[in-house]
1. Please work out the Cα center distance from the stretch 110-136 to the stretch 66-85, rounded to the nearest Å.
2. Ignoring ligands, DNA and RNA, what percent of the 1.4 Å accessible area of the stretch 60-111 is carbon and sulfur?
Amino acid sequence: MANSVPFCQSLQGQAGLPNYQQLKEDHDMAILEAPGVPAGATVIRVHSPEVYTTPPSDHIIWSLCTTLYFNIFCLGFLALLFSVKARDRKVIGDYNSAASYGSTAKCLNLIALLLNILGVVAIIVIIVLMMSNIHPH
């Protein structure tokens, strides 16, 4: 590696790339060593997936009820789709994906529920205001 090819250097200069210096053969490995690890050893950290003792919930009944009940922006239908995906992943044994899909279904169900409650309250307020304007006291 002591010999460098002038052709490569000329290509670097023509392409506008910076000229790189060749590394020395003898590296100071003492700087790179970690305490308690022998020299030259490679340390690989493996992230273990979450271990579920019980399968994650897919919220399919709640999604079905939200779908059948009038909801805004078809959030109940989307929640039902994510619940079915969660159930499929749970059957396969992929609990991480099942938990993710189930969590999404739960969030969509909550948003649909809150929007439905706000809609019902708004309709009741409008009806009360209209009735009070028709029959003034």
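The values are calculated or read from the model by the stated rules, or taken from the named source; none is laboratory data. Here the structure is a predicted model, which means the values were calculated and not measured. SASA here: full protein model, heavy atoms, side chains in, ligands and nucleic acids out. Shrake-Rupley method; radii C 1.70, N 1.55, O 1.52, S 1.80 Å.
1. That distance is 23 Å.
2. The computed percentage sits at 72.
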